[in-house]
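The values are calculated or read from the model by the stated rules, or taken from the named source; none is laboratory data. All values derive from a computational prediction rather than experimental measurement. Using ideal geometry, Cβ is built from the backbone for each residue, glycine included, and neighbour counts are taken over all protein chains shown. SASA here: full protein model, heavy atoms, side chains in, ligands and nucleic acids out. Shrake-Rupley method; radii C 1.70, N 1.55, O 1.52, S 1.80 Å.
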Amino acid sequence: MKKLKFTPIFFVLMIFLAACSDDEDDIDQTNPTIDFDFESSFPKPCVVVQRGTTFNFHAKFSDNDVLGSYAIDIHNNFDHHTHDNYDVQCDLSPIKAPVNPFIYIQNFTIEGDLKEYQPTLEIVIPDAIDVGDYHFEVRLTDKTGWQTRHAIDFKIAD
Amino acid sequence: MLSFSQDCKHTFSGKVMDLHDSSILLGASVHIKEINKTVSTNPQGEFIFKNLCSGTYTVTVFHYECEPLTKQITINQEHISEVFKLEHHIEELEKVEINGNKRKVFQKKSALSTTVINKENLQQRKETSLAKSLEHVAGVSTISIGSGQAKPTIRGFGFNRVVVVQNGIKHEAQQWGADHGLEIDQNAVEHIEIYKGPLSLLVGSDAIGGVINIKEVSIPKKNSFGGNVSLIGRTNNDLVGLSTFLSGRKEHWFFKNTITANSYGDFKVPTDKILYNGYVFDLHNHQLRNTAGRVLNISGTIGYTKDDFLNRTIISNVNEENGFFANAHGLEVIKSQIDYDKSSRDIDLPKHKLNHFKITNETEIHKENYTLRINAGFQNNARQELSEPSEHGYMPKPTSSLEREFNKNTYSLNVFADLYTNSKHKLKFGVNSEFQDNSIGGWGYIIPAYHRFSAGAFVYDKIEISPKFYLHTGIRYDYGTLKTEQYQDWFLSPVNENGTIKEEYLIRATAKDFKFGDFSASFGGVYDLKNQMFKFNLGKSFRMPLANELTSDGVNYHMYRYELGNADLKAEESYQVDLEYSYTKPKFNVAVSPFVNYFPNYIYLNPTSDYYEALQIYKFQEAEVFRFGGEITSSFLLTEKLFLNTSVEYIYARQLSGAKKGFTLPFSPPLSGIIGANYTLKNYKYFKNTKFELDWRFTAKQNEIVPPESPTDGYTVGNFTMSTSLYKKDKKWADVYFRVNNILDTKYFNHTSFYRIIEVPEPGRNFSLEVRIPF
């Protein structure tokens, strides 16, 4: 039975393969969460804000492990190019070309290895920008690099 | 000076042919046991041994598709000549797939786990792209983009970690891109060798995961002319296609020509809604909108062969255009004013267009003591990605839809020599050189223009320890340079300099020069007993970092992220141990091929927790990586007509250091296996060689993920194939292939599909019919 010589070696190898595949590493596989659904959160879907004023962004961030950074991206939706929040359908104004659209792009690091964080941020809407439909998008990462995005349709009016 | 006695000046020559039709068997080798020398046949199937002493010799002829043939030849006069006719049954090859006895000759050529696929195998399993057609091979899977395009992966590695070689020249395109597919017409492919392991030794940089070697192996018979026309239709994406093949030969000159034209509509998925990131996309008629496309491929060969000389020039042009899923290309959700549902066949934005032109020239000179092969090639890969322009961040709305354009010219020159000596060594030498010129265009930036030069030389020795045991060993050195050009934004961005805001055209990449040098090596062996074969291989491979890995500094609009290169990256290195054990009996065979793999510096695009202009930063970083896995394949011949085959593949990968320590690698294929049954019918009236094949794939859930992936559920999916040849008065009239994919119309996700990240399932049930009429 010389020919069966190699077979046991391979059985051992396969058992080794099977055994190794079970090891559970303690790694983070969970995205952080953005909560906009509470009394004092802002902006709310379809809200109208006046140009030349300020508003306060407010939400709740949480993660199973450690929060990383967040970013706010406000850009126009004059061409209806993206379609963001499906819970609420806002009435969009007719499509138009941007002349001097409002652009707000800011990044913030969440310091202190936090699991929960409630950002409050004052955002100034300049006077001379185009009114119309805008998107308010929040992006949040945890320390591992998982990202969650949440966007809200809102209008800037005179 | 050596002097020979009168007795030792004999010459033994001969020819190797197919037993059935006396056609030449190319690539055969002839071995004389007593002098321990192997030579390969020339393009006319001829071989010669000189300076033989009189006596009786044991001559064995090998061909990778035939049973070896051994004869006792008595040399007693000056010139002895002999014709060897080998049994060559293409049909039977498919039966004893992968590990059959006849494949042993091929298997012994490499200490790595290998699979060979010929034109008939490929025809039987033909899918929508070459890579998809190879997916049934254990250890091979694909990263697909819709129904028309896919790129192959070997044991979980794809992109620039797998090399595709066609006619001796490395295929060079935009392999690094997730939405790139392999630009090769499967209808023009004759022969494919898949090497599942590191093979930098023979092909240079990038051959870390494996090599897919596509070769033209046949030469038409003298004074012949023939060809076939094939028509194909598929129901899932309403594909209609036509492919023609012509070939002919006068005395020394021969030609081949393949033309393939396909047009297909949006592919259908077994769902009417796609849920992604909180959005709901309603699908019209189950169609994944805007995934239609068209293909026009032309390729041809002109060759000249006389005696021991062969020269062929192969020219091919692959031209494709296809759309990307309109609602979400990459991670970005798009709502467009385009009425995508007005037709399922139009190709709207976003889409890509590509043209891959390739010309290769191959010269082979077969002499008694050596074979010399020179491959020269030029290829141009022109790729355009078009999308609806929209403003983003500080970038105003661009005026054209040309988002990205890549134009790459690659010039290659390779020289290989095989030496046949009377010693126990069979040596192979090779020199590879390649120059690339990459230019870019469009309003989106991700990779700078660059020039790359690389050259390498190797020596490879196959040493006979005993007739049953061969060692394979070799060493190689490569040197490469990479010059990247500066890239500056075409729009202004505000920059905060000591409290004052200035508007600037940002420089995304500075001009840089990089130099790389690296050794590759391999040490392996093949131990061949009657029914068993044992292989081992220890290999070191490397990969030169890509321009984007070194210098990226910009938004990847397709993936909606900010990619940052790392100029400090060294050449990626990989060490791998491969083993293979196979046991073959006439009615049963099994092969087990495990591997263990270690990278000191795997180059990994790491999603960080930071933002740049509100986009998540992904940074190219180095990580130690450990992987193991392998495949088990087996087949059982239950009766003369029915055989079963099974295969299982598994990969485990861990990052041992770096930011994602403890995580796996991106696009990790899940545990998967196939059970198949193949039944051959008796010839009946006009039907010959009729076969039914049913195979079922079982794939486990994939929980091994890295950001931004999500776990993918397991699934089972079945395919059915029926093929037959129609005969009229003993003359073949047509070959017919009927195939059903996803028999139960199962909704499932493929973890390694490009569309997986946006929750798009795989195509639903498909019927396809191909009729091929020879003339």
request  = Considering only protein heavy atoms, with the full assembly of protein chains and a 1.4 angstrom probe, order A:54, B:584 by accessible area, largest first.
outcome  = A:54, B:584
request  = Within the stretch B:212-251, report the trypsin sites (Lys or Arg not before Pro) that DSSP leaves as loop and that have at most 14 other Cβ atoms within 10 Å.
outcome  = B:222, B:250
ask   = How large is the charge dipole for the protein assembly as shown, taken about the Cα centre, if only the Cβ atoms of Lys, Arg (+1) and Asp, Glu (-1) carry charge, to the nearest 20 debye?
value = 5440
ask   = Cα centroid distance between the stretch B:647-724 and the stretch B:452-508, in Å?
value = 33
query = About the Cα centre of chain B, what is the dipole size in debye to 20, counting +1 per Lys and Arg Cβ and -1 per Asp and Glu Cβ, all else neutral?
reply = 2540
query = Between residue B:231 and residue B:261, what is the spin-label point distance in nm, taking each point 7 Å from the Cα along the Cα→C-beta axis?
reply = 1.4
task = Set Lys and Arg Cβ to +1 and Asp and Glu Cβ to -1, take the dipole of the protein assembly as shown about its Cα centre, and tell me which of A:156, B:710, B:435 lies farthest positive.
result = B:435
query = Would you list A:55, B:435, A:108 from the most to the least accessible area, probe 1.4 Å?
reply = B:435, A:108, A:55
task = Mind giving me the nanometre distance, one decimal, between the label points for residue B:19 and residue B:359, set 7 Å out from Cα along Cα→Cβ?
result = 4.4
key: Inter-chain Cβ neighbour average for residues B:624-635, partner chain, 10 Å   = 1
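Taking only C-alpha pairs under 8 Å that are 6+ residues apart, what is the relative contact order of chain B in percent?
This gives 10 percent for chain B.
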task = Determine, from the Cβ-Cβ distance of residue B:421 and residue A:114 and an R0 of 56 Å, the FRET efficiency 1/(1 + (r/R0)^6), rounded to the nearest 0.05.
result = 0.20
task = Please find the FRET efficiency linking residue B:727 to residue B:469, where r is the Cβ-Cβ separation and R0 is fixed at 45 Å, and quote it to the nearest 0.05.
result = 0.45
query = Among all the aspartates and glutamates, which ones have a C-alpha under 18 Å from residue B:585's C-alpha, if same-chain residues fewer than 8 places away are not counted?
reply = B:65, B:67, B:92, B:94, B:97, B:528, B:640
message = Once you place label points 7 Å from the Cα toward the Cβ at residue A:121 and residue B:176, how far apart are they in nm?
response = 3.1
inquiry  = Need the per-residue list for the stretch A:129-145: every residue with at least 30 Å² less accessible surface in the complex of protein chains than in the chain by itself, probe 1.4 Å, sorted by number.
reply    = A:139, A:141, A:144, A:145
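At most 13 other Cβ atoms within 10 Å and a DSSP loop assignment: could you name the trypsin sites (Lys or Arg not before Pro) in the stretch B:541-634 that fit? Provide the component values of the computation, followed by the final result.
Details: sites: B:543, B:561, B:570, B:587, B:619, B:627; in loops: B:570, B:587.
Counting only loop positions with at most 13 other Cβ atoms within 10 Å, the trypsin sites (Lys or Arg not before Pro) in the stretch B:541-634 are B:587.
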inquiry  = Rounded to the nearest 10 Å², what accessible area does residue B:429 have for a 1.4 Å probe in the complete protein model?
reply    = 90
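Based on the Kirkwood radius over alpha-carbon pairs, what value in µm²/s does the Stokes-Einstein equation return for the translational diffusion coefficient of the stretch B:450-523 at 20 °C and 1.002 mPa s? Intermediate results must be reported in sequence, preceding the final value.
On the way: Rh = 16.9 Å.
Reported coefficient: 127 µm²/s.
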remark   = Once residue B:284 and residue B:397 are pulled to full extension, the length gained, defined as 0.36 nm per residue separation minus their Cα-Cα distance, is 37.7 nm
ask   = For residue B:610, which sequence-distant residues (separation of 5 or more, or a different chain) have an amide H within less than 5 Å of its own amide H, given hydrogens modelled in the peptide plane?
value = B:617
note = Rounded to whole angstroms and listed largest first, the alpha-carbon spread of the stretch B:6-88 along its three principal axes comes to 38, 20, 17
request  = For chain B, report the convex hull volume of the alpha-carbon atoms normalised per residue, in Å³, without decimals.
outcome  = 157
key: Added length on full extension, which subtracts the Cα-Cα distance from 0.36 nm per residue, residue B:640 to residue B:60   = 205.9 nm
Per-residue HN-Hα couplings for the stretch B:381-390 [Karplus 6.51, -1.76, 1.60; θ = phi - 60°; Hz; x = Gly/Pro] = 10, 10, 10, 10, 10, 10, 8, 5, x, 8
message = Test of understanding: express the Cα radius of gyration of the stretch B:482-536 as a ratio to 2.2 N^0.38 Å, with N the residue count.
response = 2.70
remark   = Here the cysteines of chain B lacking a cysteine partner under 4.7 Å (Cβ to Cβ) are B:66
Nearest-0.05 FRET efficiency for residue B:747 and residue A:95, computed from C-beta distance (R0 30 Å) = 0.25
remark   = Of the stretch B:465-480, those with amide N under 17 Å from the point 7 Å along the Cα→Cβ vector of residue B:530 are B:467-469
query = Of A:30, B:244, which has the most accessible area and how do the rest follow, probe 1.4 Å?
reply = A:30, B:244
query = So what is the relative contact order of the stretch B:6-88, in percent, for Cα pairs below 8 Å that sit 6 or more residues apart?
reply = 40
request  = Calculate, for the stretch B:567-610, the solvent-accessible area per residue in square angstrom, rolling a 1.4 angstrom probe over the heavy atoms of the protein chains.
outcome  = 34
ask   = For the protein assembly as shown, with the dipole built from +1 on Lys and Arg beta-carbon atoms and -1 on Asp and Glu ones, taken about the Cα centre, which of A:104, B:31, B:758 lies farthest toward the positive end?
value = B:31
ask   = With θ set to phi - 60° and the Karplus curve 6.51 cos²θ - 1.76 cosθ + 1.60, what are the ³J(HN,Hα) couplings of the stretch A:89-104 in order, to the nearest whole Hz, using x for Gly and Pro?
value = 9, 8, 6, 8, 6, x, 5, 8, 8, x, 10, 9, x, 6, 10, 9
